[in-house]
Amino acid sequence: MNKPPKGSPSPSHSQVVTEFAEFARLADYSLMDSLRVDPDATDDGLDHRPRQVYSGHFVPVAPTPIADPEYVSHSKTFFKELGLGDELAHDEAFSKVFSGDLSVAEAPMRKSGWATGYALSIYGTEYNSQCPFGTGNGYGDGRAVSVFEGELNGKRWEMQLKGGGPTPYCRGGDGRAVLRSSVREFLAQDYMHALGIPTSRSLTLYASKSETVDRPWYSEGSNAADPDIMVSNPVAISTRVAPSFLRVGQLELFARRTRNKAHAKSCEELEMIVNHLIEREYQGEIDQGLPLEKQAIELAKLFSSRLASLVGNWLRVGYCQGNFNSDNCAAGGYTLDYGPFGFCESFDPEFQPWTGGGRHFSFFNQPNAAYANFHMFCKALRPLLKDGSEELAQLDQILKGFAEVMQLELEKVWANKLGLDSYDPDLFGELVTLMVQSKADFTIFFRELSHIPENTLALKKSFYVDTSKELHDKWQAWLSQWRELVLAQNNDGLAEVSAKMKQTNPKYTWREWLVVPAYQQAAQGDYSLLRELQEVLSYPYDEQTHDVEAKYYQLRPKEFFNAGGVSHYSCSS
């Protein structure tokens, strides 16, 4: 399981790019060249005030540079994959671009980036109420500005600045991201890739030495659900990279306009964005010579499979997205938007790190959230299909079948985590009950189980509470039953089963209480702990040094339970 996501290219043996001019020559803007610009956009890209965007697929926007930028880190793994030399991260022109200053861009790079609009749906319900205009025309990339698109090592990538300043979609915000959230997203994307889970990727992280913004946050020792103080935070820009940043919410936006007959070219713009999605995310998997109606059906099938696999993998590693709306759901089927996310420690099927998320976005409820997003994805495709057509009936069947696709994926995930060839619902159901009762640490428990112990002593190091004799006996009975099943289903021997389980169950996970000191120290200009975490989380399945194990493979200390900003948070902007 600890392999790069499917489709990730191997490092090229061609010449490594070490100079900015060489990097700039790789620019190729398929989105801006093939899709429609907002007709009300300015020519200079200085389009930073909130306004309604009525049509078009993108708005040209020049990012707002952060003041006095300082290099924090870059992803050496991803640089190598892209064919970029590490020294490029320290190049003056490269650093300026990825801290928001496009004035140094060299042709064919452009001196303006772009922002895109999308619609908002929460659990299958369309919303306009959070749009300042009440129309939905104000939703979109409020502080994310894409600045580069091109082919690197044979694969197309889009590079986007998170915290790159306000856009027409900023809804009155300042367009900035604080260092705290930037560190979290930068580390999390690298970690998820190392876990073998499709994700947007981290390229670079730059912080301002002088520019700050105020944000609500938690005072030291606070147990409150909501932030109780205003904190001055250094601003930062992290660059996230993906094959595209097309979201389910983008397709929804153009489908809504088509249904509402918002303007004469609304259906044409929906067709264009669907074609562009197929070109960017499903090229080679869908025959683009087919009529669009048939391509749309193939698209729905493929996205159904990708989305189910993605969410299954989230559960495999204990990840909770926290806010899995349609605008946070990448239409390419990978993890996007690391805002109020978290990783389950003390096992709870209803784990939810975001105080505003509720049960509907909780850990074990993510498959249902995925269905809601897939429902909106299919709804966005419907205007392309004729009433009563064979394709429309097929789309309805694909949507109806998503629950089964998702269930089969979950059964495969849980069977793999337990080292079994097939899923046993009774065995798994009893395990969930015991883990809840023992408050088992999700990651440590499954890693210790991967050693295939004969008694519960090894498992107890993952429990947050002492077990009674009755509970101990139940654990021993479950463990014996499980071992018998493992032996019955596998002919390879226990050593081989254990090795496979260790490639499914990571040893090292994201623990917020260990990340907090990293971004706190970073705010003081000390990036050493951040870089240490980056290294440790790059090899989550490996046995690392004794010192690493002593520090990073342990239960959460009691003082970090119910701690604001650690166990829960209202936002992370």
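Values in this text are rule-based calculations from the coordinates and carry no lab data. A quick note: this is a predicted structure, and the numbers were derived from the prediction, not measured. Don't worry about glycine lacking a Cβ; one is built from the backbone with ideal geometry, like all the others, and counts go over all protein chains shown.
Before moving on, here are some points about what is shown:
- Between Tyr464 and Gln15, the FRET efficiency estimated from the beta carbon spacing at R0 = 51 angstrom works out to 0.45.
- Spacing of the modelled spin labels on Asp287 and Ser129, each 7 Å from Cα toward Cβ, amounts to 4.7 nm.
- Excluding exposed DSSP-loop GluC sites (Glu not before Pro) (at most 16 other C-beta within 10 Å), longest clean stretch of the chain: 107-219
- Here the Karplus curve 6.51 cos²θ - 1.76 cosθ + 1.60, taken at θ = phi - 60°, turns the phi angles of the stretch 158-165 into couplings of 10, 10, 10, 8, 8, x, x, x Hz, with x standing for Gly and Pro.
- Cα gyration tensor shape for the stretch 408-448, rounded if a/c is under 1.5, else prolate or oblate: oblate
- Using 0.36 nm per residue and subtracting the Cα-Cα separation, the extra length available between Lys76 and Gln521 on full extension is 158.0 nm.
- Convex hull per residue volume in Å³, alpha carbons only, for the stretch 420-502: 84
- Applying both filters, DSSP loop and at most 12 other Cβ atoms within 10 Å, to the trypsin sites (Lys or Arg not before Pro) of the stretch 347-428 gives Lys386.
- Other residues whose C-beta falls under 15 angstrom from the C-beta of Glu484 contribute a net charge of -4, scoring Lys and Arg +1 and Asp and Glu -1.
- Summing charges over neighbours of Glu185, with a neighbour being any other residue whose Cβ is under 12 Å away from its Cβ, gives +3 when K and R count +1 and D and E count -1.
- Sites Lys294 and Lys400 - FRET efficiency at Förster radius 22 Å, r taken between beta-carbons, to 0.05: 0.70
- Taking amide H as placed 1.01 Å from N in the peptide plane, the amide H of His568 sits under 5 Å from that of Ala563, each at least 5 places away or on another chain.
- Trypsin sites (Lys or Arg not before Pro) lying in DSSP loop within the stretch 192-293, provided at most 11 other Cβ fall within 10 Å: Lys261
- Net charge contributed by nearby residues that have their C-beta within less than 15 Å of Arg447 (K/R +1, D/E -1): +2
- Compared with the direct C-alpha span, the chain from Ile229 to Ala550 gains 112.2 nm at full extension, assuming 0.36 nm per residue.
- ³J(HN,Hα) computed for each position of the stretch 548-557 - Karplus, 6.51 cos²θ - 1.76 cosθ + 1.60, integer Hz, glycine/proline x: 5, 4, 4, 8, 10, 10, 8, 5, 5, x
- Simple label model, 7 Å out from Cα along Cβ direction - His360 to Arg49, nm: 3.6
- Between the stretch 418-479 and the stretch 220-299, the alpha-carbon center distance in angstrom: 40
- Checked against a 30 Å cut-off, the cross-linked pairs Lys261/Lys294; Lys400/Lys474; Lys412/Lys474 give Cα-Cα distances beyond that limit for Lys400/Lys474.
- Sequence-distant aspartates and glutamates (8 or more away, or on other chains) whose Cα lies within less than 13 Å of Lys96: Asp68, Glu70, Glu106
- Cα-based reach from Lys439 at 12 Å (exclusive), listing aspartates and glutamates while leaving out same-chain residues under 8 positions away: Glu345, Asp348, Asp466
- Alpha-carbon radius of gyration plus Dmax, which is the widest Cα pair, for the stretch 252-412 in Å: 16.6, 54
- For the chain, the mean residue ellipticity at 222 nm estimated from helices alone is -12000 deg cm²/dmol, where every DSSP H run of n ≥ 4 contributes -39500 (n - 2.57) and the total is divided by all residues, rounded to the nearest 500.
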